[in-house]
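Bear in mind that the values in this text are calculations on the coordinates, not laboratory data. Everything numeric in this text was worked out from a predicted model, so none of it was measured. Cβ atoms come from the backbone with ideal geometry, glycine included; neighbour counts cover every protein chain shown.
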């Protein structure tokens, strides 16, 4: 394996609220290689977005407090970097696209002036050069008349078109890492298929690393090389997409896969996971899944399990493994 | 036909639109639902699928008169529900109940669960405290909530639990038909499965009929007996569940099914997608002829001038497509 472009070690991001400390991210470690797509799967409140946004400095502190860990981008710890350094990296070397393409575009500005902004700011391009690059970027994401699109306002576009604009904007600076936070969740399936194809194509061309956050196991199965499964701020399982889908070792991953409706087969029954996700401000320090887990033991309530490696590059955090 | 739980005939919902804010006339119309006919059989779950803007929610809301239909008929138990007024209408309303997508918006935050569940009973059936309490406890039990919930307010519950309360409210008048509009779309997978199983369970337990509106074709495959696919205000294909997924005939249905990801890496990567080009046309100015002709890969001249109608291609399987008519 080559050197990772981004390596996060034992990241802890806690929200300090009136009701107590909410451990939104509690000891997450992962890395991404250039050219690779890392899928991050989890339900709402699992910390999958906060994890990425916290080390980029996109969440105000307070209420967020980074309680520990490192986030190394090309060897620089982003958690210790100065604000000016972060401004140079964000939207330049590390870009992000969000779920809601309507709220992430400025409704008052034409698409063109929003698209050239990162180029003028980060790459010292003249407005004319930037305009040309931006217009090519729009063509690359499949917008048929890029010049007209540059002069349009965001409200003139459909959701799918806006998300294309967001992708174009994120990629004009040729970033090393693209963080895509549920980029297709608000879109219709036929549009989602188009957007995923565009992302795959552009990744192959540029060799960037993609961190793809989603709750949709089907989307991850198609796009990710490796998958992280998160639950209640904790990492439960990590492995190649094949490991996680075919040889999953964690009861939560297994239960999640069983409870997902599928289009390719008629399922006679859908075994739901009982109960509800835990309240993050009232975690006890044990495994957060133990109340809903069909196979829990006494130790699960009090102690978070240590890492277990069922095979190289495949890790799982579950007490069941220790007994085996 | 008389055995059907509900028959919808040529239902149209056209919303008037102004060209500009100050233009005097409302001469143009947005045709959200443009001539939909369907039959809901007793004890079946009919899935109604389509992408955003296809009119599936407008149809569901028009059936229970939340939106005023422009024309058409909805027959429930031999009576035209849309022409009823006054007392007979109030009586008929108890037969059709609705479950909405957003359990945060569909429950009044200032009412306790008891009040939420008592309201329909007080309006339509009884004011007897004891009877109310018994009925409410029973319906809570059915949806898997304890009677401790009665004194709580909606904000004290999670999304999945709120949807259980909404289901209890829909059940409490013992309706014949339930219209569920995206009832699981705002829920996480693990909770979604709970609610889907609950909906299936109440359908069998009470023998009611359900229209399940959703954009999620995988969810619809799990829950429905029969499925209708909508595009731009019209139903383009109706078929029994397994037949629709095994051999979809309409080019739009084929493209739609091929676009849904499968949570299995090997299968997912080997799939051939049928790409849809272009954008969804505006329902204010839909294409002449077949609504899908602007994006269809099998389009030919006739499609652009003449609108196809639903025709039977197999038992209980109907498609509106000239290409399918050519080679049945």
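According to the Kirkwood relation over distinct C-alpha pairs, the hydrodynamic radius of the stretch B:152-284 is 16.9 Å. Compared with the rule-of-thumb size 2.2 N^0.38 Å for a compact globular protein, the stretch A:1-110 has a Cα radius of gyration ratio of 1.13.
Could you quote the convex hull projected area for the stretch B:136-213, Cα atoms only and averaged over all directions, in nm²?
Values: hull surface 19.7 nm².
Reported value for the Cα convex hull: 4.9 nm².
For chain B, would you read off the P(r) tail past 37 Å as a percentage of all alpha carbon pairs?
Values: 11437 of 53628 pairs.
Above the 37 Å cut-off, chain B has 21 percent of its Cα pairs.
Have a look at the DSSP beta bridges in chain B and tell me what percent are antiparallel, nearest 5.
Working: 28 of 46 bridges.
Expressed as a percentage, antiparallel bridges in chain B total about 60.
Ellipsoid fit via the Cα gyration tensor, chain A: semi-axes of 36, 23, 18 Å, each the root of five times an eigenvalue, largest first.
Kirkwood hydrodynamic radius computed over the stretch A:37-98 comes to 12.8 Å, based on all pairs of distinct alpha carbons. Can you tell me, using C-alpha contacts under 8 Å and at least 6 residues apart, the relative contact order of chain B as a whole percent? Once divided by the residue count of chain B, the mean separation gives 20 percent. Just so you know, the Cα atoms of the stretch A:248-288 work out to an Rg and Dmax of 13.6, 40 Å. The Cα atoms of the protein assembly as shown cover 74, 64, 50 Å along the three principal axes, with the biggest extent listed first.
Each Cα pair under 8 Å and six or more residues apart adds its sequence gap; the mean of these over the residue count of the stretch A:103-172 is a relative contact order of 44 percent.
For B:29, A:73, B:292, the sequence from fewest to most other C-beta atoms within 10 Å is B:29, A:73, B:292.
Computed from the C-beta positions of residue B:130 and residue B:89 and an R0 of 25 Å, the FRET efficiency is 0.30 to the nearest 0.05.
Counting other C-beta atoms within 10 Å, which of B:301, A:26, B:102 has the fewest, and how do the rest follow? Working shown, then result.
Working: B:301 10, A:26 24, B:102 16.
So the residues, fewest neighbours to most, are B:301, B:102, A:26.
Please give the calculated 222 nm ellipticity per residue for chain A, where each DSSP H segment of at least 4 residues contributes -39500 (n - 2.57) and the sum is spread over every residue; nearest 500 deg cm²/dmol?
Values: 11 runs with 103 residues, N = 324.
The helix-only estimate for chain A comes to -9000 deg cm²/dmol at 222 nm.
Given that compact globular proteins tend to follow 2.2 N^0.38 Å, what is the ratio of the alpha-carbon Rg of the stretch A:103-172 to that value? Write down the numbers at each step before the final one.
Values: Rg = 10.8 Å, N = 70, 2.2 N^0.38 = 11.1 Å.
Normalised Rg, Cα atoms only: 0.97.
One Cα centroid belongs to the stretch B:124-175, the other to the stretch A:232-274; the line between them spans 32 Å.
Histogrammed with a bin width of 10 Å, the alpha carbon distances of the stretch A:143-209 distribute as 18, 52, 29, 1 percent, first bin at zero.
Under conditions of 20 °C and 1.002 mPa s, the stretch A:213-294 yields 154 µm² s⁻¹ as its translational diffusion coefficient, taking Rh as the Kirkwood radius over Cα pairs in the Stokes-Einstein equation.
Report Rg(Cα)/(2.2 N^0.38 Å) for the stretch B:52-114, keeping two decimals. Please list the in-between numbers first.
Details: Rg = 14.0 Å, N = 63, 2.2 N^0.38 = 10.6 Å.
Ratio of Cα Rg to 2.2 N^0.38 Å: 1.32.
Over every Cα atom in the stretch B:3-100, the radius of gyration and the widest Cα-Cα span, Dmax, amount to 15.0, 50 Å. In the stretch B:248-328, the C-alpha radius of gyration followed by the widest Cα-Cα span (Dmax) gives 14.5, 43 angstrom.
With an 8 Å cut-off on Cα pairs and a minimum separation of 6 or more residues, tell me the relative contact order of the stretch B:248-328 in percent.
After rounding, I find 25 percent.
Under conditions of 20 °C and 1.002 mPa s, the stretch A:196-249 yields 176 µm² s⁻¹ as its translational diffusion coefficient, taking Rh as the Kirkwood radius over Cα pairs in the Stokes-Einstein equation. For the stretch A:300-324 and the stretch A:36-92, compute the distance between their C-alpha centroids and round to whole Å. Value for the Cα centre distance between the two parts: 26 Å.
Placing dummy labels 7 Å off each Cα toward the beta-carbon, the span from residue A:247 to residue B:3 is 5.3 nm.
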